[in-house]
Structures are given as structure tokens and as C-alpha cells.
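What follows is a short report on a single structure.
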Amino acid sequence: MEYKKAHPVNIVESTSRFYILLLLPILRGLLFSGGNLYIWLKGAWFDILIIAAIILLGYIRWYFNMFRIDEDGLTIFRGIFLIKKEFIQYDRIASVAVEYPFYLKPLRAVRVQVDTDAGRKRRADFSMTMRRRDAEELLEKSKARLITGDQMTKSYSPKLFYIGVLSLISSNSFTGVIFASTLISQSGRLLGKEFEDLIMNNLTRLAEFLALGLPPAAAIIAYLLIGGWLISFIINIVRHKDFTVTRRDSSLLVEAGIITPRKISIDVNQINLVEIHQTLTTKILGFYSVFIHCTGYGKQKNTISVLIPAAEKHEATRNLELLLPEIPFVKKSIKPKLRNLSRFILVPSVLIASVVVAIWLCNRLFPSWGGLILFLGIMLEIPLVWYLLVRIFSFTHTGAGVRDGIFTIHYTKRFLFNRVSIPVEKVSKVVFSQTLFQRTTNCCDVIVYTYSEGTKKHVVQNLNYTEASTLLLPQIGEAPVYDKEK
Amino acid sequence: MKYCKVSRKKILVEELAALLLWFVISIFPFIYIDTFSFWWWAVLLPPLVLYLGAALFYIPAAYRNTCYLINTSKVIYQRGVIIRRQQIMARKRIVYVTLMRTPLTPLFHTADVIVRATGATIVIKYLDLNRAKEIVRFLAPGNEL
């Protein structure tokens, strides 16, 4: 079988960051030369030469970057002076992700990422922009061994409302602010400093106009946060619109996105765990978001490894049984004892009391600033009271259970309620951690390390040590050898 | 189940390290502060108290609490004084085992064993060199029963 080359757009992609800054002054020069090519060439010949050299280097790099899609794996051949030949067997591939950016559609080019359990944590083992037909061939061949035709195809597609709920949970101001600032600074770089200043001035004027009696600086920060969050929310909606999961034998195909659609093919045997995430709000409203942990899924820029964006309990349970019956959720058989409730609420309670004392003290010391101190104190107390509520709920939420080689743990991480179901053979290490204070009531924190490219750990706090060790120790020692054909 | 202790040289090494650290910290008050003044005592006493606490209580207690168990199905390593941690790894999860010789190996004849699984690691420190070699041979993947 012949080696294939990456899509020629790779030449532009791999070199664009070097010549984009040179290209713009050259084009501006062409615009102002009045169409006189000689004058333009006389002034810009050196820049043009450098651009040509950069493109030539990109071409050489592209020429020596090849791959071959075999029946049993993917062979990669790259390098000019230091030649590297790599082979990835299909049964070692955990996921294949294909991204279809809108601007590459006319060129019939797509981005492909192939990942295995080995390699770096933050980078895919193989990534390339290739021709669409090659990517589809790779996707089909890597899936072929997973599809035996024994089982019927099962598919799940959530309503837009549920995508909205997921976006609500996963959006944060920071991502939006970063996106907006990149947009403004990049447009400034391309269209000139005046344009960037124009946007910034208009935004500042708008914030001053909408200040509604607030100090302009505070209003700008508030609107920046709200605006950032809104941008992030919209990005998440666009990214997960038309979300569909299809299960066929041992293959799971996730499709999502409208502007940049993407397909991710996952080997079900390589899924390390299933997680249910809930915030306090979604817990009260009864919404569940289900995520999976599989190498390569969620590694692409700004993506999350979601399986069910959001659903009510019965719907989430039904769809999970449909899509991933291998990893069910087991009922809790051990929970924290009532006498350990204080361990859950002690830290937020002390923090709340400290803020109250600090407000009282500041009021006594600076009586003229009473209004401001009270306002800041209340603003500080709100997240602390919220945290206290989370910790109270956490006491009833925390626990663990084991059945038929599946280990389910329930715990909270900061403000998030997690339920994680792990096949016992995917548990790498278990740590029982006991502080001096915990020893008095015989409770401990159970830290579960799971199969992962990096380190992925789950901390279940304040379980009874005797109960936890009795439940877990036999499971760890007697774990069956991981059987791919299971 | 019978837990094994690590080498007694752990106490010696850690006592020496603590003494060295205290000595380095205590040099500064002698050089920069008037001897027997209030600030001299204020700077000198806390490290001395900390050193004595570590040398007389913490290091011996840490040795007493450090032990390991390696059998055909799992590796258990526990340590810690204020926070006691018991780490457990199934034999079948082990990917590879490393024998780590430190600069102190020729002097004290001790070495560390690093047991690695995908996503987790256990480091058993201050083992007698021959015992460490035995453990590495015993834990090598494919050797499990």
C-alpha cells in the first residue's frame, strides 16, 4: 500500500504564523504602489524572498510528512533529517477525532487526531490535516474491528434545551473574556491599531452608558464578566448543537457542532470511567450531565468529554443503559457516619463566622466606611453560604459501592457533585488517608487513582475506615485481568 | 498478612538531614544578629524547637509508621505521622518497576523502589539494597501468580 501525503493546506498551516506578519505590509505596499509592479517589487523583494523561503520549508516538511492506512494499523513517516517511522495498531487506538472546520470545507480538508493510552497527556499521538476521503477511510478502518454486527445500532440525540443546560454548567466568564480579547487584539493586528482603539473606546463608552449609577470601573468589570460568560455560553451551544451519540457493537461515535462539526470514534473497551456531574442548582432541579473518560476524547481545543449533555434522572439512566451498559452505577453501600457531619461543614462555617467577625471589626475601626464594608462583606458571604449548602448536601451525597467488578464513588469536588463508576480493572491505586483528627472517629479519605495518561484521582472524604477497607481491599487484589474481548 | 519495615538507616539519614538543615539555618543569627540579644533568641529558638521535635519525635515516629507489604496479589505501602497514608496497588496493574539508586546508595547501601501503573505510582524509600533488588525481581510484570 502506498504512503499518502497530508493535505497541501498543511504547508500554509505550518508556516502561517511566521509569514502572516510579513504578508500584510507587502500587500499594503502593493495597494499603495498604484499598480506599478516594478516599484512594488523594488521595495519588497527581500520580504518576498523570505516568504518564499518560509513556504519552501513548509513544502519540504509537507513532502516528507506521510502516512499509510493499513488493514491492522496506521503507519506514520515524518522528518527531513531525523526520519521517524511510527506504527499505531488499531486495537491500541482509544479514539479517533475528525474535525471539519468551515474554512477547510471548500478544500475538502479535515483535521484528524488519533490517540492511544500511551503518549503525552495534553497532545494526541498523531494529528494531521488530511484529505476528507483519507480521514473517512481511517475512521472506517479503525472502527471495523469494533463492529461485528451482533448488536443493533443505538442512538441518542438530546434536545437543544439540554445542550443549553450543559452550556449553562460548563460556561465560564474567563473563556469568554479570553475569546473576546483574542478577537479584538487579532482584529487590531490585522486591521490596524486604530480599529482596535475604536472597538475599545466604543466598548468603554457603552459600559459608561450602562453603568446605572455604579462606578465605571466596577461596571466595566461586571459587564466584562457577564459578556464573557454570554460569549462562552454561545460558543458552547454552537459547539454542541446537533449532538448525537451512536453505539454500534463496541464502537461509540460522537458527533457534534454546527460551524466546526466533529466526529469522535471511541473504542468502548478503552473507556476508563463514567462520571455524572451536578452543580447544586442542577442537583436541586434534577438534571444530570454524564461524561466519559477515554484517552483522546475531550483533548481537542475547547471540548469536553460529554456523553449525555443533560437529562432528568430517568432519562439519563435509560440512555446510559442504552449506550454504555458495561459500566452501570452501583448503589452506595457505605456512607459517612452522622458523627462526621461536622467534618463536612466545619471549614465553611468557620469561614462564614470569620467574615462576620471581620465585618464587625472593620465597622468598629472605620465607621465612616460602614456601607462599603457591609456591601463587601455580604458579597464575600454569598459564595461561602453557597459552599456551606454544598457541603451539607455533600454529606448525604458522599459514599461508595461495589458490585460485579464495578466500583461507584460519590463525592464532591469544590462546588461540583460527582458520581463516578469505574470498572475495577481500571483502578490503578487506592489510598486511605487519615489525619490525626480523623483517627479519633475512625474515618478516612479514600483517594482512587484511575487508569489515565496522566494522573486522575478522585477523593471521597470522611468514610468509615473499617467499612471502606473491607469493601475495597478484596476488590483491588482480586481484580480480573482486563479482557478486551469482554 | 505481615508488614515489613524499611531499613533503620532511614532514621539515620533523616536525622542527619534535619541536623544539617538546622545547622545551616542557625548560622545566620550568629553572623548577622548580636549574640544573646532578644532577636538572636527569637530567630534561633524556633528552628531549635522544630529540630528537636523532628529529631526526637517526628523522625522516629515516621520510621515506626512506615512499612510495606508485597504479596502475590497486591502492593501496600503505608507511611505518615500527622496524615497517615496507606497506598494499595494491585499486582496486575503494575506496568514496570524501577530500582532507584540514590547518591547515598554507596554510603548507606539503601535504594528506593518505584512501582508504576498507568496513572499511579508507589515509591518505597530506604530499602536495603539487596531487599530492593529482590522486590524488583519479584514485582517484574509477568511474575505475578
Practice task
Just one of (1) surrounded by 19 or more Cβ atoms within 10 Å (Cβ to Cβ); (2) closer than 30 Å to B:ALA90 by Cα; (3) among the hydrophobic types (A, V, I, L, M, F, W, C) trips up A:LEU416, so point out which.
Solution key: (1)
Practice task
Kindly check whether there is at least one residue in the range B:108-119 that is more than 14 Å from the chain's Cα centre (by Cα) and more than 14 Å from chain A (Cβ to nearest Cβ).
Solution key: yes
Fill in the blank from the handout: Looking across the range A:365-397 at residues that are of a type in the set (Ser, Thr, Tyr) and closer than 15 Å to A:SER349 by Cβ, the single one that is surrounded by the fewest Cβ atoms within 10 Å (Cβ to Cβ) is A:TYR387
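Conditions tested, residue by residue: (1) surrounded by fewer than 19 Cβ atoms within 10 Å (Cβ to Cβ); (2) over 19 Å from the mean Cα position of the chain (by Cα); (3) polar (S, T, N, Q).
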| position | (1), (2), (3) |
| --- | --- |
| A:VAL238 | yes, no, no |
| A:THR244 | yes, no, yes |
| A:ARG247 | no, yes, no |
| A:GLN270 | no, no, yes |
| A:HIS277 | no, no, no |
| A:HIS293 | no, no, no |
| A:ILE304 | yes, no, no |
| A:ALA311 | no, yes, no |
| A:ARG318 | yes, yes, no |
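With the requirement that a residue be within 10 Å of another protein chain (Cβ to nearest Cβ) and under 15 Å from B:GLN87 (Cβ atoms), what does the range A:447-469 give you?
Narrowing the range A:447-469 to residues within 10 Å of another protein chain (Cβ to nearest Cβ): A:447-457, A:465, A:469.
Result: A:ILE447, A:VAL448, A:TYR449, A:THR450, A:THR455, A:LYS457, A:TYR465, A:SER469.
For the condition in a loop (DSSP other than H, G, I, E, B) and touching a Pro at 6+ places or on another chain (Cβ under 9 Å), what is the one hit in A:LEU107, A:LEU146?
On the way: A:LEU146 fails: touching a Pro at 6+ places or on another chain (Cβ under 9 Å).
Exactly one residue qualifies, and that residue is A:LEU107.
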Problem - Which numbered condition A:ASP117 misses (of (1) within 14 Å of another protein chain (Cβ to nearest Cβ); (2) over 18 Å from A:ASN269 (Cβ atoms); (3) acidic (Asp, Glu)) - result: (2)
Problem - Close pairs (9 angstrom Cβ cut-off, 6 or more residues apart or separate chains): on the phi > 0 side of the Ramachandran plot in the range B:75-100, among the aliphatic types (A, V, I, L, M) anywhere - result: B:GLY80/B:ALA62
Exercise for the section: For the range A:432-444, indicate whether the set of residues that are at the interface with chain B (Cβ under 8 Å from one of its Cβ atoms) and within 28 Å of A:CYS294 (Cα to Cα) is non-empty. Expected result: yes
Completion exercise
Filter the range A:98-116 for residues that are over 13 Å from A:ARG262 (Cβ atoms) and touching a helix residue (DSSP H, G or I) at 6+ places or on another chain (Cβ under 7 Å); the one that is surrounded by the most Cβ atoms within 10 Å (Cβ to Cβ) is A:ALA109
Exercise for the section: Might you check whether a residue that is among the polar types (S, T, N, Q) and open to solvent by 40 Å² or more (accessible area, probe 1.4 Å) occurs anywhere in the range B:46-67? Expected result: no
Completion exercise
How many residues of the range B:60-96 are outside any strand (DSSP E or B) and closer than 18 Å to A:LEU473 by Cβ? The answer is 6
Exercise for the section: Just one of (1) open to solvent by less than 50 Å² (accessible area, probe 1.4 Å); (2) on the phi < 0 side of the Ramachandran plot trips up A:ARG403, so point out which. Expected result: (1)
Handout entry: Selection from the range A:124-138 of residues that are outside any helix (DSSP H, G or I) and acidic (Asp, Glu)
Key = A:ASP125
Exercise for the section: Say whether the condition of being open to solvent by less than 30 Å² (accessible area, probe 1.4 Å), under 26 Å from A:LYS426 (Cα atoms) and more than 14 Å from chain A (Cβ to nearest Cβ) is met by at least one residue in the range B:69-92. Expected result: no
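The values are calculated or read from the model by the stated rules, or taken from the named source; none is laboratory data. Only a predicted model underlies this, so the values are computations on that prediction, with no experimental measurement involved. We place every Cβ from the backbone using ideal geometry, glycine too, and count neighbours over all the protein chains shown. SASA here: full protein model, heavy atoms, side chains in, ligands and nucleic acids out. Shrake-Rupley method; radii C 1.70, N 1.55, O 1.52, S 1.80 Å.
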